[in-house]
1. Considering only the stretch 340-365, how many residues are surrounded by fewer than 19 Cβ atoms within 10 Å (Cβ to Cβ) and over 15 Å from N44 (Cβ atoms)?
2. Do we have A207 as free of Cβ contacts under 8 Å to residues at least 24 places away in the same chain and either of a type outside the set (S, T, Y) or open to solvent by less than 10 Å² (accessible area, probe 1.4 Å) (or both) here?
3. Would you be able to tell me the number of residues in the stretch 150-207 that are over 30 Å from L82 (Cβ atoms), of a type in the set (D, E, K, R) and at pLDDT 95 or above?
4. Name the pairs whose Cβ atoms lie under 6 Å apart, with the first residue in the stretch 345-357 and outside any helix (DSSP H, G or I), the second at pLDDT 95 or above and of a type in the set (F, W, Y), and 6 or more positions between them or separate chains?
5. Collect the residues in the stretch 268-299 that are touching a Gly at 6+ places or on another chain (Cβ under 8 Å), farther than 24 Å from E151 by Cα and not small (G, A, S), keeping them in residue-number order.
6. Need pairs with beta-carbon distance below 6 Å; first residue closer than 13 Å to S123 by Cα and within the stretch 301-316, second open to solvent by less than 40 Å² (accessible area, probe 1.4 Å) and not in a loop (DSSP other than H, G, I, E, B); sequence gap 6+ or separate chains.
7. Can you tell which of G109, G95 is surrounded by 24 or more Cβ atoms within 10 Å (Cβ to Cβ), under 18 Å from the mean Cα position of the chain (by Cα), among the small types (G, A, S) and on the phi > 0 side of the Ramachandran plot?
8. Tell me, yes or no, whether the stretch 309-322 has at least one residue that is under 30 Å from the mean Cα position of the chain (by Cα) and of a type in the set (G, A, S).
Amino acid sequence: KSTFSRLFSWARFVLQALIPTRTMLVCHRRLRGLLRRSASVVRNYTSHSQLPEEHRMVYEMCRQFADDELVPIAGKLDKEHLYPADVISKLGELGMMGVSVDTDHGGAGMDYLAYAIAIEEISRGCASTGIIMSVNNSLYCGPVDKFATPEQKEAFLTPYAAGEKLGCFGLSEPGNGSDAGAASTTATENDDGSWTLNGRKAWITNAHEADAAVVFATTDKSLKHKGISAFIVPRDTPGFSLGNKEDKLGIRASSTADLVFENCTVPADSILGDKGMGFKIAMMTLDAGRIGVASQALGIAQAALECATKYAQGREAFGKPISSLYAIQLKLSEMACKVDAARLLTWRAAMIKDENKNYTKEAAMAKL
């Protein structure tokens, strides 16, 4: 092994013996940065075995968590529409409800590749838990982390990234879907600088469990998409109510419902970013959200592949497992190829984002 590898392995052993898992992940990240100093690290990974140590730790931790905590209860959660509150709390303790949020604000302080890996493994165990975690990470914490003021972050980021509270993203509307430039929800400025919201957001994930929402509303219709602004709206604000839960075909442990605003007045400091930045915030957030959606679908696909393989190996026909039949082998091999291809597309999008380069196309391809 190289000197770097030996030093890192030794430090990892010491950290594992002395420090809790979540803190150890943070220490690993900082230690790796110190040890490699000016070394050139090429981010070109094609399998889990090639990942850096800290990313493999996230993979192993989330995979074990999914097997132990999620797989045994996923069916019950889905059938009975049960929100997994205890599970979400545990994920928060591990830093997984704010993977890319800095540790000073309750997150794990890791990159988007780590986030993609975590979402895949959690979704493999329970698709509902995966989407709850994904929306809180990318659609709520993401824009708040990037555009909020220090005061807003203290109130509306830290407890959410730590898993103590849950957020949601209010963009889609009954008449225009997720077209951010056509928001019919309005925000009218009052004499004291406060804003009054009126309108309805549809199909909002985490709606019934969320403590706050990032909401997009038209503040100046004459400016079209430049007249859209984003607001942070606490759930207990007067005039903010919820529609009935949608009776979905799947992912039923995660609530989906309308957000209803009827003369809902929020203070002036509720605006996220500057006035008129809503469209930009929405577009940037949706780009990152596509990596989360791709990771969710990837986890579900991996679970399906594992389930199909196990069944094929255990089901016998004509005196032998059907996995020995060429037709079944072809189906499984095609599934495996597609899952691996999807994973590479997802990792590529995440790594390009981590390099602060434009990743819009790559995120869309990964989601597709």
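1. 8
2. no
3. Within the stretch 150-207, residues that are over 30 Å from L82 (Cβ atoms), of a type in the set (D, E, K, R) and at pLDDT 95 or above number 6.
4. Pairs that qualify, where the first residue is outside any helix (DSSP H, G or I) and the partner is at pLDDT 95 or above and of a type in the set (F, W, Y): there are none.
5. Passing the criteria: only Q296.
6. A301/V339; Q302/R124; Q302/V339; A303/R124
7. Working: G109 fails: surrounded by 24 or more Cβ atoms within 10 Å (Cβ to Cβ).
Residue meeting the stated conditions: G95.
8. Quick first cut of the stretch 309-322, residues under 30 Å from the mean Cα position of the chain (by Cα) only: 309-310.
Filter once more, so that each one left must be of a type in the set (G, A, S): none.
No; the residues of the stretch 309-322 include none that is under 30 Å from the mean Cα position of the chain (by Cα) and of a type in the set (G, A, S).
The values are calculated or read from the model by the stated rules, or taken from the named source; none is laboratory data. Owing to the predicted nature of the structure, the values given are computational and were not obtained by experimental measurement. We place every Cβ from the backbone using ideal geometry, glycine too, and count neighbours over all the protein chains shown. SASA here: full protein model, heavy atoms, side chains in, ligands and nucleic acids out. Shrake-Rupley method; radii C 1.70, N 1.55, O 1.52, S 1.80 Å.
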